[in-house]
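The values are calculated or read from the model by the stated rules, or taken from the named source; none is laboratory data. In this text the structure is predicted, and so the values were computed from the model without any measurement. Every residue, glycine as well, gets a Cβ built from its backbone with ideal geometry; the counts of neighbours run over all protein chains shown. Note: areas computed on protein heavy atoms with side chains; ligands, DNA, RNA excluded. Shrake-Rupley method; radii C 1.70, N 1.55, O 1.52, S 1.80 Å.
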Amino acid sequence: SAMFYKIIEKKRDEWLSSPSCVITDLISYIEHQHKMRDAQIESIKTYLFLKIECQNRPLWELFVSGKFNSTNVDDLEVNKATREILASNPAALALWEYASISDENGNVNSPKILAAIKKAPDSIDYVSVIKDLFSNVSYPDYLISIPMGAGKTYLMAALIYLNLYFAIAEPDNPIFAHNFILFVPSGLKSSIVPSLRDIQNFNPLWILPDPVASQLKNLIQYEWLQESSSASKSNIVKNPNARKISMQVAKPNLMGLVAVTNAEKVILDRVDKDFNIDASILKSLPEEERKEYEAALQANELREQIGLIPGLCILIDEVHHASDDQKLRKVVNKWMEQSNFNSVLGFSGTPNMDPAAKIKITDELSVKCMQYANVVTFYPLIKGIGNFLKIPVVRHSNLDSTEIISRGLREFFNSYADTVYSNGTSAKVAVYAPSIAVLEEEIYPIAYAVCAELGINPTETILKYHKGNSSYKVDEDAQFEFSTLDSPLSKKRIILLIGIGREGWNCKSLTGVILSQRNACPQNMVLQ
């Protein structure tokens, strides 16, 4: 696995406790506010270490230059040829350290790489192996892996504010970003607005004192880049997104722009379509072709404008969803050429590569890399349970599905019928179904019967939330009811679902979950 983050953390901690560390007071302020969780603070420390002490350089470059090396070569049990190479070539030593990190059980990260270095140290091109491990990315591209529930969006907001804090103090220092664009994954149409709202709601006083906190809050301007409606018959390219960005770019010394958008549907729209038609031929094209051409033109114009944003940092939420990594790389590489591009910052609870990357070490040896190498903070889910995540009470049962649901609902009402949380919301229970038919034909009648038996109004209490099919239509109020579950106005107590919640269903008043059969939902989702 990619354990570069362990090497980075070791050097980060040395820096934090050294007299040359410039962020001691800042970290101490953040810790004393008690508003940020430890997973967020760990990420902030690492990020500022990479920004300030490591000068915002690409990770491969930092490793190759020996910035993180700490092994004393004299202590190693290796032959003379290997020792000489490890002592004289910082990239060789960096690869050695990476291969020899051990996990909690004492297993070495890559015994094969260690064996190859011992056997034929001359046969490895250390620089290119390390570059390959970092996907040959030539710009700063850091990935922060913290679990759901740790407050990823607030962390993004904090990092935006911290960049601006340093950028205002040193406007000509290129290591700090001046403007930001946040990519939200497209599978989660409903998550763009909450992400934007969370970033807007973040209080900079949690990480910075006044007057600077208020000054920065006033500096930030939000832009929401929406999916474009297809070009109209009038043949006029309507491109509100590009217009928004070009108006921002026209400002002298633009700083504090935070644009939020959907990567796949807006930024990566028609990347692979290369249109080189003269605009004069446009009128003679059939309508469908003309629309397609105009849409491609719009997409290119927007990308062109984004490339002009000075000191741009791209934040990618749920990196593992940025489905077409290659497309994204292509676009970012283009932006790099266009302006003083700053960096890419990714966030993911599950930093596993799918499929795994194959890295060639020597002609005889290739290794598989299962995790993204550019993870700089890794905070495992298990550390969050009992810390910022609830410790769940789990009940097992060998009854059949219908019995599990009716018992579960009775137990829920028995314990939580009158539970109202401090923000005025009522306790809720979710029941997962494997399909719409099962939800409608089996689970809903059970929930209805339990409510009726307990004297609870079923129509007011039960929410059926699904996308509908030919037999069962979507209830028109369902989307509204679902999006307002966490408000005191919501009367819904039982939510019947199909596979929602993979990311970002942030329903704090959800008190219990009933999983009554196999395949009711993927197992990694149960946690979430």
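Of all residues being open to solvent by 30 Å² or more (accessible area, probe 1.4 Å) and among the hydrophobic types (A, V, I, L, M, F, W, C) in segment 168-211, which is modelled with the lowest pLDDT? Just the residue, please.
Among those residues, the one meeting the criterion is 188.
Any chance you could count how many residues in segment 439-460 are free of Cβ contacts under 8 Å to residues at least 24 places away in the same chain and in a helix (DSSP H, G or I)?
Within segment 439-460, the first condition is being free of Cβ contacts under 8 Å to residues at least 24 places away in the same chain, and the residues that meet it are 441, 445, 448, 452-453, 455, 457-459.
Now restrict to residues that are in a helix (DSSP H, G or I): 441, 445, 448, 452-453, 458-459.
Residues meeting the conditions: 7.
Return the only residue of 77, 84 being free of Cβ contacts under 8 Å to residues at least 60 places away in the same chain, more than 19 Å from residue 3 (Cβ to Cβ) and not in a helix (DSSP H, G or I).
Exactly one residue qualifies, and that residue is 77.
Here is a list: 161, 165. Which entry is assigned to a helix (DSSP H, G or I), modelled with pLDDT of 95 or more, open to solvent by 40 Å² or more (accessible area, probe 1.4 Å) and among the aromatic types (Phe, Trp, Tyr)?
After ruling out the rest, the residue left standing is 165.
What about residue 334, is it surrounded by 14 or more Cβ atoms within 10 Å (Cβ to Cβ) and farther than 23 Å from residue 152 by Cβ? Reasoning before the result, please.
Numbers: surrounded by 14 or more Cβ atoms within 10 Å (Cβ to Cβ): yes; farther than 23 Å from residue 152 by Cβ: yes.
Answer is yes for this residue.
Tell me which residues, restricted to segment 113-139, are over 14 Å from residue 358 (Cα atoms) and outside any loop (DSSP other than H, G, I, E, B).
114, 115, 116, 117, 118, 119, 121, 122, 123, 126, 127
Given the structure, is residue 485 surrounded by 17 or more Cβ atoms within 10 Å (Cβ to Cβ), in contact (Cβ under 8 Å) with a residue 24 or more places away in the chain, touching a strand residue (DSSP E or B) at 6+ places or on another chain (Cβ under 7 Å) and closer than 15 Å to residue 402 by Cβ?
For residue 485, the condition - surrounded by 17 or more Cβ atoms within 10 Å (Cβ to Cβ), in contact (Cβ under 8 Å) with a residue 24 or more places away in the chain, touching a strand residue (DSSP E or B) at 6+ places or on another chain (Cβ under 7 Å) and closer than 15 Å to residue 402 by Cβ - is not met.
Applying the selection to segment 468-482, what residues are free of Cβ contacts under 8 Å to residues at least 24 places away in the same chain and either in a loop (DSSP other than H, G, I, E, B) or surrounded by 14 or more Cβ atoms within 10 Å (Cβ to Cβ) (or both)? Full working, then the answer.
At the first step, the residues of segment 468-482 found to be free of Cβ contacts under 8 Å to residues at least 24 places away in the same chain are 470, 473-482.
Answer for segment 468-482, where residues must be free of Cβ contacts under 8 Å to residues at least 24 places away in the same chain and either in a loop (DSSP other than H, G, I, E, B) or surrounded by 14 or more Cβ atoms within 10 Å (Cβ to Cβ) (or both): 470, 473, 474, 475, 476, 477, 478, 481, 482.
Every residue in segment 22-52 that is charged (D, E, K, R) and assigned to a helix (DSSP H, G or I), please.
25, 31, 38, 42, 45, 51
Yes or no: residue 418 out of contact with any Pro (no Cβ under 7 Å at 6 or more places or on another chain), under 23 Å from residue 493 (Cβ atoms), part of a loop (DSSP other than H, G, I, E, B) and acidic (Asp, Glu)?
Against the criterion (out of contact with any Pro (no Cβ under 7 Å at 6 or more places or on another chain), under 23 Å from residue 493 (Cβ atoms), part of a loop (DSSP other than H, G, I, E, B) and acidic (Asp, Glu)), residue 418 qualifies.
Quickly run through segment 63-74 and pick out the residues that are assigned to a helix (DSSP H, G or I) and free of Cβ contacts under 8 Å to residues at least 40 places away in the same chain.
Listed by number, the residues that qualify are 73, 74.
Checking residue 45 against (1) within 26 Å of residue 367 (Cβ to Cβ); (2) of a type in the set (Lys, Arg); (3) in contact with a Leu (Cβ under 8 Å, 6 or more places away or on another chain), which test does it fail?
It fails just one condition, (1).
Determine whether segment 147-154 contains at least one residue that is of a type in the set (D, E, K, R), under 20 Å from residue 257 (Cα atoms) and surrounded by 23 or more Cβ atoms within 10 Å (Cβ to Cβ).
Looking for residues that are of a type in the set (D, E, K, R), under 20 Å from residue 257 (Cα atoms) and surrounded by 23 or more Cβ atoms within 10 Å (Cβ to Cβ), one finds at least one in segment 147-154, hence yes.
Please find, within segment 421-442, the residue that is nearest to residue 520 (Cα to Cα) out of those that are of a type in the set (A, V, I, L, M) and at pLDDT below 95.
Just the residues of segment 421-442 that are of a type in the set (A, V, I, L, M), to begin with: 427, 429-431, 433, 436-439.
Applying the additional criterion that residues be at pLDDT below 95 yields 430-431, 433, 436-439.
Details: 430: 12, 431: 9, 433: 5, 436: 11, 437: 12, 438: 10, 439: 10 Å.
Looking at the filtered set, the residue picked out is 433.
Mind checking whether some residue in segment 33-45 is out of contact with any helix residue (DSSP H, G or I) (no Cβ under 8 Å at 6 or more places or on another chain) and either open to solvent by less than 30 Å² (accessible area, probe 1.4 Å) or not charged (D, E, K, R) (or both)?
So far as segment 33-45 goes, yes, one or more of its residues are out of contact with any helix residue (DSSP H, G or I) (no Cβ under 8 Å at 6 or more places or on another chain) and either open to solvent by less than 30 Å² (accessible area, probe 1.4 Å) or not charged (D, E, K, R) (or both).
Among the residues of segment 364-400 satisfying the criterion of being of a type in the set (Ser, Thr, Tyr) and open to solvent by 30 Å² or more (accessible area, probe 1.4 Å), which is nearest to residue 41 (Cα to Cα)? I'd like the intermediate steps shown before the answer.
Taking segment 364-400 as the starting set, the residues that turn out to be of a type in the set (Ser, Thr, Tyr) are 366, 372, 377, 379, 397.
Then drop every residue that is not open to solvent by 30 Å² or more (accessible area, probe 1.4 Å), which leaves 366, 372, 397.
Working: 366: 37, 372: 22, 397: 40 Å.
Per the criteria, the residue is 372.
Could you list, ordered by first residue, the pairs with Cβ atoms under 9 Å in which the first is in segment 1-27 and under 30 Å from residue 358 (Cβ atoms) and acidic (Asp, Glu) and the second is open to solvent by less than 10 Å² (accessible area, probe 1.4 Å) and outside any helix (DSSP H, G or I), at least 6 apart or interchain?
9/376; 9/377
Output the residues belonging to segment 67-82 that are open to solvent by 20 Å² or more (accessible area, probe 1.4 Å) and either closer than 13 Å to residue 126 by Cβ or modelled with pLDDT of 95 or more (or both).
67, 69
Which one of the conditions (1) open to solvent by 50 Å² or more (accessible area, probe 1.4 Å); (2) not in a helix (DSSP H, G or I) does residue 463 fail to meet, given that it meets all the rest?
The failed condition is (1).
Consider residue 401 carefully, then state whether it is hydroxyl-bearing (Ser, Thr, Tyr) and either farther than 13 Å from residue 516 by Cα or over 36 Å from the mean Cα position of the chain (by Cα) (or both). Can you show your working first?
Details: hydroxyl-bearing (Ser, Thr, Tyr): yes; either farther than 13 Å from residue 516 by Cα or over 36 Å from the mean Cα position of the chain (by Cα) (or both): no.
No; evaluated as a whole, the condition is false for this residue.
Out of everything in segment 251-268 that is at pLDDT below 80 and of a type outside the set (A, V, I, L, M, F, W, C), what residue ends up being least open to solvent (accessible area, probe 1.4 Å)?
Once the filter is applied, the top-ranked residue is 264.
With the structure loaded, tell me whether residue 114 is under 19 Å from residue 6 (Cβ atoms) and out of contact with any strand residue (DSSP E or B) (no Cβ under 8 Å at 6 or more places or on another chain) or whether it fails that test.
No: the conditions fail for residue 114.
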